[in-house]
Each structure stands twice: as C-alpha cells, then as structure tokens.
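Trainee: Below you'll find the structure I mean.
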Amino acid sequence: MTNFAVGLFHEPQSALAAAGSLKSAGFATLELMSPIPVEGVEEVLGEKKSVIKRFTFFGAVIGGLSGFLLAAGTAVLYLHPTGGRPIITFPPYLIITYELTILFGIVFTVLGFFISARLPALRDRVYLPETAVDKFAVSVACDDDKHFKRAEAILNEAGAEQVRKMAEEG
Amino acid sequence: MRYADVNEDIVRSIVETGPKYYIALATAGGITLLCFFFPWFYQLYYGIGASGMHHPQVWGTYLAGFIFWIGLSHSGTLLSCVLLLTNSTWRKAMYRSAEAMTLFSLMVATTLVAVHLGRPWFIHWTLPYPNQMEMWPNFRSPLLFDVMAIGTYLTGSSVFIYMGSIPDFAAVRDRTAGWRNTMYTLLSLGWRGTDREWHRLHWAYTFLAVLIIPLAVSVHSIVSWDFAMSIVPALHQTIFAPYFVVGAIYSGTAGIVTVMFVLRKYMNFEQYITKVHFDNLGKLLLVLSLIWTYINAIELFTGWYSGTSTEHEALNYKLFGYYAWLYWEMILFCAVAPLLCIFRRFRTSLVPMLILSIAINIGMYTERFLIVGTSLSRKYLPDAWTVYVPSVVELSIILGSFALFTTLFLVFVKIFPSVSMYEVKETMDVPGTEPTAQPEGSSA
C-alpha cells in the first residue's frame with residue numbers, strides 16, 4: 001500500500017508550480033492529472049521519452065517483410081505461371097508489402113501506446129474525477145506521515161484548493 | 001463557456017434521449033431491414049440474377065455503391081489526419097463525427113461487396129489460409145490489393161477513432177451509472193489524464209495520422225485500379241488513381257457538411273459547430289470541385305486524343321448515349337453548382353450548404369454509376385453491346401445502404417461523444433487566465 005498526497009488546483013500554472021516545488025524538494029514519484037494536455041509540463045517534470053516510435057518502426061519493418069513473404073511465398077508454393085512472366089513479380093507484390101507495412105505499423109503503434117502509457121490499468125490507481133472536467137491535480141507518493149505533511153505544505157503553498165490523502169494498492 | 005459546460009453538453013447528448021431520436025432510429029432501422037436486408041435475402045435465395053447484372057454487364061450498382069461509400073469514407077480519417085498534422089484548430093469540433101463517417105462508410109462498402117458477390121459465404125476465399133483446394137489468393141490482382149487495403153484502412157480508422165476517444169470515454173465514465181458506467185469503464189481502460197498518458201497519446205496519435213494519410217490515398221488508388229487495370233475502353237486510363245482519390249475526398253468533404261448540419265441542428269451543437277466550419281469546408285469543396293473538374297476534362301481529352309474507335313465510342317456513349325442525362329446531371333451538381341462556394345455568403349448559409357453537399361454526393365454517386373454502368377456494356381464487340389438497367393432489388397439495396405449508414409451513425413452518437421471534449425477545451429481559455437477569444441471556431 002502506497003500513500004499519496006493529491007493537491008487539487010483550479011489552474012494549470014499553479015499545479016505546474018506545485019509539481020516543480022515538490023520535485024525540487026526531493027519528491028520523486030510525481031504525476032500531473034489534467035482534463036487537457038498541459039503545456040510546459042516537460043520543463044517542470046523533465047523531458048519524456050516514449051518507446052512508441054520504436055514500436056511503429058519495427059512494426060512497419062515486420063509488416064513489410066511479412067507482406068512480401070506472404071505474396072512471394074504464396075506464388076512459390078502455389079505456382080501459377082502466366083505468359084512466361086516471373087513467378088515473383090515485384091510491382092504488384094510491393095503493394096501488398098506497402099499495405100502490410102502500414103497495417104503492422106498501426107497495430108504496433110497501438111501496442112506501444114498501451115505498454116508505454118500503462119493501459120489498460122489492471123488495478124485501482126489514484127484518480128480524481130474532477131480532473132476529467134476542469135481541475136488539475138498533482139499527486140505525489142509519500143513514504144510516511146512526515147513526508148505527507150511536507151508535501152501537503154508545498155501543495156497548499158502553491159495554491160491548492162484542497163489536499164487529499166489517498167492510497168493505492170501494490 | 002466553461003470547461004464544465006463542455007462535459008455537461010456532450011454527456012447530455014449521450015444520456016438524454018428524446019422521442020425524436022427513437023423515431024429516427026426506428027425509421028432508419030426499419031428502412032434498412034425493408035430495403036437492404038430483405039432484398040438481399042431475396043437475391044441470396046433466387047441468385048444474383050435477381051439483380052440487373054447480366055453478361056457482359058457483370059458489374060453494376062453494388063460496385064458503384066461500393067466505390068461511393070469507400071469514397072465517402074475518405075472524408076473523415078484522412079481529413080482529420082491532414083488537419084491534425086497541419087494543426088488546424090477548426091478540426092477539433094468536427095473530426096470525431098467525420099471519423100465515424102469513415103468507419104461506417106467502410107462497413108457499408110464492405111457489406112455491398114458481399115452483396116455483389118452473390119455467394120458471400122465464400123468470401124473467406126479471399127483470405128490466404130491453407131486449404132485442401134490448393135486455392136490461394138492471386139496477389140497480382142487489384143482485387144486482392146483491395147482486400148488488403150480496405151482491411152488495413154478499416155483497422156486503422158477504427159483504431160484512430162477509438163484512441164482519440166479514450167480521454168472522453170473516461171470523462172463520460174465519471175458522469176454515468178449502471179451499464180453505461182461499466183461500458184465506459186471498459187472503453188476508457190483506466191485513463192486518468194496523467195502527464196505520461198497525454199504525452200503517449202500525443203505521439204501515438206501523430207504516428208497513426210502519419211501512417212493513415214498515405215494509406216487512405218492508396219485505398220482509393222487501388223479501388224481505381226480494379227477498373228483501370230482492365231482493358232475495358234474508358235476504364236483503362238492512367239488518370240484513374242488521382243481521379244478516384246480526388247473524387248473520394250470531394251464526396252467525403254460534402255458528406256461532412258451534411259453530417260455537421262444534422263449534428264448541429266439535432267444534437268444542439270451550435271456552440272461547437274459554427275459557421276466558421278461551414279465556411280472552411282465550403283472553401284475546401286470549391287478547391288476540390290475545381291480539381292475534380294480538371295481531371296474530368298483530362299479524362300475526356302485523353303479518350304478523344306487516343307484516336308481509337310473503341311475509346312471514341314465509349315466517350316460518345318457517355319456524353320450522348322442512354323445515360324447522357326446522368327452525365328450532365330453529374331457535371332451540373334459536381335462542377336457547376338459548387339462554384340457558388342466562391343461567395344462567402346453562400347458558404348456561411350447553412351441550408352444552401354446542406355443542399356449543395358447533398359447535390360454533390362448525388363453527383364458523385366452518379367459518377368460511380370456511370371463508370372461501372374456505361375463501360376462493360378460498350379466493350380469491343382458491338383454485337384455484345386447492351387443497356388444496363390438496375391433491377392428493383394438493386395435500387396432498393398442502394399437506398400437501403402443509406403439507411404444502414406444512418407442507423408449505424410445514430411447508434412454511434414449515443415455511444416461515442418460525437419464532439420471531442422478535450423480538444424474543444426484546448427481551443428478555450430485555460431482556467432485562471434484572462435479570456436482572449438471565443439471558445440471554438442474563431443481561430444481557423
């Protein structure tokens with residue numbers, strides 16, 4: 001069981017300021033929840049890198065290879081000679097290659113998104129429904145009560161409308 | 001308008017259902033059953049001869065409908081992707097419905113292929129799976145390209161609309177109870193709107209948009225090759241791929257205007273779908289109509305300049321033959337009438353825009369009918385010439401396909417938030433800042 005201090009803010013700028021202060025104070029597990037993507041979050045919480053582009057790239061490569069192998073393999077396994085033309089004909093097979101490149105690129109992008117965004121969530125996590133409407137929340141993991149008091153003070157100082165103590169399993 | 005109002009309005013559009021909606025759904029569903037499924041079952045029972053398609057005219061209205069619906073599908077996801085990458089803020093209020101149009105148009109299009117097949121229970125023969133008949137798909141055929149392209153496009157479009165809706169599903173989840181809550185809990189996958197989730201969504205969404213744009217272009221190019229790679233006079237033309245792609249985007253954009261009008265009027269989305277949207281879509285329609293007209297002129301010129309008697313006969317039949325009145329109707333609706341969009345006053349007048357958008361799509365369906373209906377009936381041997389007339393079963397199924405689309409769309413508006421909440425909020429003033437502009441549509 002991990003405890004969290006969650007501060008609820010009316011404005012994104014105050015939430016960002018709170019997140020910045022908490023980070024400077026040494027709090028490591030920080031999250032900003034918001035109804036829209038907040039500009040400037042990377043400057044405060046650090047630059048984010050995702051593996052999605054690798055998923056997309058390798059998915060597309062695997063798709064391209066599969067597409068060509070599917071078409072060429074079919075032609076070789078089930079011979080259908082027509083007018084002395086080559087059995088493996090590149091121009092039409094490139095179209096199958098192209099389509100499967102995109103198909104696999106799409107499927108792997110989705111897979112990359114789910115993995116890197118940690119979705120679907122398999123357990124209950126800290127969440128405030130107000131953040132899906134018009135509020136901005138900063139949640140920070142706290143080891144003990146002393147930690148919580150410090151986080152609460154920082155959140156209040158940044159202008160939090162309220163600070164809640166929430167727990168998360170696991 | 002505040003952020004909370006957006007949630008309020010969109011959630012209300014999902015959970016509050018008036019009698020008008022049920023009447024519309026029952027009507028559309030009834031027409032679908034009566035005009036689409038019953039005639040289809042009749043055709044399945046008595047065979048494909050129930051349609052007007054006979055040798056040499058083995059392609060008919062079903063395939064014209066297939067091209068039409070594939071074309072209409074180019075409205076949504078393609079336009080949405082292009083506008084996303086070009087950062088057009090006016091996209092945000094309308095793209096969800098446009099993407100839904102794509103999805104349902106594709107579904108209707110693939111169903112029409114099944115109708116055209118006559119024996120749709122063999123449709124799995126198009127898939128490459130080991131079988132004892134030693135019958136594998138011929139990957140040199142544009143028909144197989146089609147299966148791959150449309151399958152990919154359907155997957156891509158479904159994923160694109162779903163992924164963009166996850167944050168909105170979460171917002172609806174928090175405001176609903178009972179079975180709706182269970183459904184949106186499952187659909188939202190536990191989305192919380194954290195900085196990590198927004199970051200990942202942004203990148204995944206961008207990559208998908210980049211992948212889908214060339215895909216959409218390839219889809220209609222490939223549909224055109226179904227015809228252009230044959231050696232039928234009037235079909236065997238290199239201009240066909242761009243011709244089909246432009247035609248698809250054109251009819252799709254007109255389709256968006258129709259859907260936007262209906263949503264604005266009947267879902268009370270006046271604050272989200274503004275005249276600015278119609279103005280911009282009108283400009284787009286004007287540009288597309290000019291390109292479409294140019295390509296049509298080139299198609300005629302190429303046929304004439306070829307100097308071959310078969311091409312000349314095909315041209316003659318198209319311009320002055322049995323279906324000439326349909327050709328000139330198409331020119332009137334798709335090349336002449338859209339010139340009205342030169343005037344801003346016209347573009348921002350909603351009812352005239354609605355009428356124009358419907359006229360363009362009637363013209364675009366006619367175009368597809370003429371491509372299919374006047375080509376095979378006028379091939380090389382005059383003794384095999386015929387006049388293709390669709391049967392009542394065919395006409396009924398085409399009419400029913402519109403009802404099927406409407407039914408699917410009506411179901412959609414009660415499940416998906418038909419306007420993207422978080423993206424509309426992005427165009428509004430952030431809480432805590434001084435108001436600067438109107439919420440939506442002013443920054444085109």
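The values are calculated or read from the model by the stated rules, or taken from the named source; none is laboratory data. Since this is a predicted model, take the numbers as computed values, not measurements. Here the Cβ is made from the backbone with ideal geometry for all residues, glycine too, and neighbour counts use every protein chain on show.
Trainee: If you go through segment A:15-26, how many residues are surrounded by fewer than 20 Cβ atoms within 10 Å (Cβ to Cβ) and within 14 Å of another protein chain (Cβ to nearest Cβ)?
Mentor: Looking only at that region, the number is 3.
Trainee: Between A:LEU79, A:LEU119, A:LEU111, which is in contact with a Gly (Cβ under 8 Å, 6 or more places away or on another chain) and more than 7 Å from chain B (Cβ to nearest Cβ)?
Mentor: A:LEU111
Trainee: Can I ask one more? When you check A:GLU99 against the structure, is it acidic (Asp, Glu), closer than 25 Å to B:TRP136 by Cα and not assigned by TED's automatic domain parsing to the domain that holds A:THR29, yes or no?
Mentor: yes
Trainee: A further question follows. Would you confirm, using the coordinates I've provided, whether B:ALA149 is in contact with a Pro (Cβ under 9 Å, 6 or more places away or on another chain), in a helix (DSSP H, G or I) and crowded, with 23+ Cβ neighbours inside 10 Å?
Mentor: no
Trainee: A further question on this structure: Taking segment A:41-76 as the search range and keeping residues that are at pLDDT below 85 and not charged (D, E, K, R), which one is nearest to B:ILE222 (Cα to Cα)?
Mentor: Only one residue tops the list, namely A:SER50.
Trainee: Considering only segment B:152-199, state which residues are assigned to a loop (DSSP other than H, G, I, E, B) and under 18 Å from A:THR131 (Cα atoms).
Mentor: B:ASP174, B:ARG175, B:THR176, B:LEU189, B:GLY190, B:TRP191, B:ARG192, B:GLY193
Trainee: Restricting to helices (runs of 4 or more DSSP H) lying wholly in segment B:30-114: which have 2 or more residues that are in contact with a Leu (Cβ under 9 Å, 6 or more places away or on another chain)?
Mentor: B:61-73, B:76-85
Trainee: On to the next question. Can you work out which of the residues in segment A:27-40 that are under 24 Å from A:THR2 (Cα atoms) and within 7 Å of another protein chain (Cβ to nearest Cβ) is surrounded by the most Cβ atoms within 10 Å (Cβ to Cβ)?
Mentor: Only one residue fits best here, namely A:SER34.
Trainee: What's the total number of residues in segment A:39-72 that are without any contact (Cβ under 8 Å) to a residue 12 or more places away in the chain and hydroxyl-bearing (Ser, Thr, Tyr)?
Mentor: 0
Trainee: Then there is this: Got at least one residue in segment A:56-70 being surrounded by 20 or more Cβ atoms within 10 Å (Cβ to Cβ) and within 7 Å of chain B (Cβ to nearest Cβ)?
Mentor: yes
Trainee: Within the bounds of segment B:199-222, is there any residue that is among the charged types (D, E, K, R), farther than 21 Å from A:GLY105 by Cβ and either surrounded by fewer than 19 Cβ atoms within 10 Å (Cβ to Cβ) or at the interface with another protein chain (Cβ under 10 Å from one of its Cβ atoms) (or both)?
Mentor: Checking segment B:199-222: not a single residue is among the charged types (D, E, K, R), farther than 21 Å from A:GLY105 by Cβ and either surrounded by fewer than 19 Cβ atoms within 10 Å (Cβ to Cβ) or at the interface with another protein chain (Cβ under 10 Å from one of its Cβ atoms) (or both).
Trainee: To continue, here is another question. If B:ALA28 satisfies every condition in (1) closer than 30 Å to B:THR176 by Cα; (2) in contact with a Lys or Arg (Cβ under 7 Å, 6 or more places away or on another chain) but one, which is the exception?
Mentor: Result: B:ALA28 passes all but (2).
Trainee: Determine if segment B:105-117 includes at least one residue that is within 7 Å of chain A (Cβ to nearest Cβ), modelled with pLDDT under 90 and either buried (at least 19 other Cβ atoms within 10 Å of the Cβ) or over 24 Å from A:PRO120 (Cα atoms) (or both).
Mentor: no
Trainee: Which residue out of B:ARG173, B:ARG96 is touching a residue at least 12 places away in the same chain (Cβ under 8 Å) and away from chain A (no Cβ under 13 Å)?
Mentor: When all the criteria are applied, what remains is B:ARG96.
Trainee: Part of a loop (DSSP other than H, G, I, E, B), at pLDDT 90 or above and either touching a Ser or Thr at 6+ places or on another chain (Cβ under 7 Å) or of a type in the set (Phe, Trp, Tyr) (or both): does that describe B:PRO439?
Mentor: It is false that B:PRO439 is part of a loop (DSSP other than H, G, I, E, B), at pLDDT 90 or above and either touching a Ser or Thr at 6+ places or on another chain (Cβ under 7 Å) or of a type in the set (Phe, Trp, Tyr) (or both).
Trainee: Moving on. Is it the case that some residue within segment A:125-139 is within 25 Å of B:PRO431 (Cβ to Cβ), in a loop (DSSP other than H, G, I, E, B), in contact (Cβ under 8 Å) with a residue 24 or more places away in the chain and among the aromatic types (Phe, Trp, Tyr)?
Mentor: Yes - at least one qualifying residue is present in segment A:125-139.
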